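Quick note: the coordinates plus some simple rules give every number you see, no bench work behind them. The structure presented is a predicted model; accordingly, all values stated were derived computationally and were not measured. Here the Cβ positions follow ideal geometry from the backbone for every residue, glycine too, while neighbour counts run over all protein chains shown.
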Amino acid sequence: AYSVYSNVDTFADTGALSVYAGCQPENLGDVATVAREVLADVARNGLTDAEVARAKGSLRGGLVLGLEDSASRMNRIGRSELNYGNHRSISETLMNIDAVTTEQVCQIASEVLHRPPAVAVVGPYRRKRDLPASVRRLGS
């Protein structure tokens, strides 16, 4: 894969974890297999304290860097009002991030990652049966 990333979207009563991988069509089956194996490993075994600390640091850093852009600040305030009915300060948000434990992350990961995913593929595939078997199995 030439590009792989994940993203989380949160809303008042739901959310979405997205995993994106850009690859050549001939590599799609292998990329899907690796992604499935990594997510299954996290669901089964969780994450280490070091991995959670790194993720929390990345989240904190992205949040603070986003304060430099007025559009990002306004988006954050609007989302906070819509999702929570009030504006959460940066210091409150950072404290909430710090309060999350590895055990909490592992529990949520286990719950979320054991659910069957929704799968979307963009490429030279006209029908589901044209997809590699490893991709067809992802959504079932």
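What value, in deg cm²/dmol to 500, does the helix sum -39500 (n - 2.57) over DSSP H runs of n ≥ 4 give at 222 nm once divided by the residues of the chain?
That calculation yields -17500 deg cm²/dmol at 222 nm.
Bin width 10 Å, alpha-carbon pairs only: give the P(r) of the stretch 61-133 as whole percents, running from 0 to the bin holding the largest distance.
14, 26, 27, 21, 12, 0
Provide, as a two-decimal number, the C-alpha radius of gyration of the stretch 14-81 over 2.2 N^0.38 Å, N being how many residues it has.
Rounded to two decimals, the normalised Rg is 1.53.
Extent of the stretch 3-136 along each principal axis, from alpha carbon coordinates, in Å, largest to smallest?
For the stretch 3-136, the Cα extents along the three principal axes come out at 49, 33, 26 Å.
Evaluate the charge dipole of the chain about its Cα centre and quote only its size in Debye, nearest 20, assuming +1 on the Cβ of each Lys and Arg and -1 on the Cβ of each Asp and Glu.
Magnitude of the dipole: close to 580 debye.
Within the chain, what's the longest stretch lacking trypsin sites (Lys or Arg not before Pro) that sit in DSSP loops with no more than 13 other Cβ atoms inside 10 Å?
Answer from the scan: 1-125.
When only DSSP loop residues count, what GluC sites (Glu not before Pro) in the stretch 1-77 have their Cβ near at most 14 other Cβ atoms within 10 Å?
Glu68
Of the options Leu82, Leu131, Val112, report the single residue whose Cα projects farthest towards the positive end of the charge dipole of the stretch 68-140 (beta-carbon charges: Lys, Arg +1; Asp, Glu -1).
Leu131
Tell me which residues come under 5 Å, amide H to amide H, from Arg137 once H is placed; ignore anything under 5 positions away on its chain.
Those lying under 5 Å, H to H, from Arg137: there are none.
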